[in-house]
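Structure first, then comments.
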Amino acid sequence: MLNVIICGAPGCGKGTQSELIVEKYKLKHLSTGNLLRKEMAEKTELGVQAESFISKGSLVPDQMIIDMLTKAIDANEESENGIILDGFPRTVEQAEALEKMLADRNKETTVLLDLQVENRELINRLLKRGETSGRSDDNMETIKKRLQVYETKTAPVSDFYKKLGKYSGVNGMGTIDEIFGRIAEILDAKK
Ligand code: AP5
Ligand code: MG
């Protein structure tokens, strides 16, 4: 079983690489960003609350996210090959909650993949995606805020997994296939 976390700054390619990982390793993809956008589209109570945070580039409060993700994990009984968590955990509090949640289910994180991309490239990718994505957070002002929030709140999650010996940094610059090749090398060694 592979329980993989893919993390990194906004626009680093978490969603893009998750699709390729799912295809090759048959993991269940759980993206907190996608789950939240679905709630927003359906105008649920959670979606309406989340929208105000997301459009400003802030994080949605930890407890809302932890509850939503716990439900999603428990709803995914078909994930016997494992899961790929995209965009979660994004704070040390979320990382602690995740490790406890998995331990309660006799599971553990296999590895955290940290996609490393230069800020200039991140901004270019997100502005380009914003031309067609319709995402309320793909604009210059919100992108800058998301990058700041990443540095202060999410970067410390890497240290948490380094201490557990589960951290793998991945060069996220280059073509999508080149980056996937680097990821597959790491995951093949963990299978
Ligand atoms: P989320 O949806 O997770 O957004 P994000 O972290 O800002 O990341 P993105 O989805 O924008 O980028 P990505 O890394 O997936 O890159 P992608 O593959 O699309 O979260 C959105 C918001 O929800 C957060 O700001 C927060 O408010 C809230 N939220 C979510 N999770 C939360 C949590 N756990 N706690 C609290 N709040 C939470 O690639 C980007 C673009 O680049 C694409 O157009 C792609 O085609 C292109 N691209 C990809 N790879 C390459 C490449 N190698 N070369 C050129 N282009 C590329
Ligand atoms: Mg994404």
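None of the figures in this text is laboratory data; all of them are computed from the coordinates on show. Source: prediction; values computed, not measured. Glycine gets a Cβ as well: all are built from the backbone with ideal geometry, and neighbour counts include every protein chain shown.
Structure summary
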read-out	value
Dipole of the chain, positive direction: furthest Cα of Q63, V111, L27, with charges on the beta-carbon	V111
Given charges at beta-carbon only (K, R positive; D, E negative), |dipole| of region 86-191 in Debye	140
Distance between region 45-114 and region 136-191 - C-alpha centres, whole angstrom	16
Neighbour cut-off at most 16 other Cβ (10 Å), DSSP loop, GluC sites (Glu not before Pro), region 44-100	E77, E78, E80
Cα centre as origin, Lys/Arg/Asp/Glu Cβ charges: region 2-190 dipole, Debye	340
Average projection area in nm² (convex hull over Cα atoms of the chain, one quarter of hull surface)	10.2
Principal axis box of region 103-153, alpha-carbon based, largest edge first, Å	43, 23, 17
Ranked R120, R90, R105, criterion: other C-beta atoms within 10 Å, fewest first	R120, R105, R90
Choice from L112, L30, L102 with maximal GNM fluctuation in the chain (Cα, 10 Å cutoff)	L102
Given charges at Cβ of Lys, Arg, Asp, Glu: region 2-190 dipole, positive-most of L36, I123, V48	I123
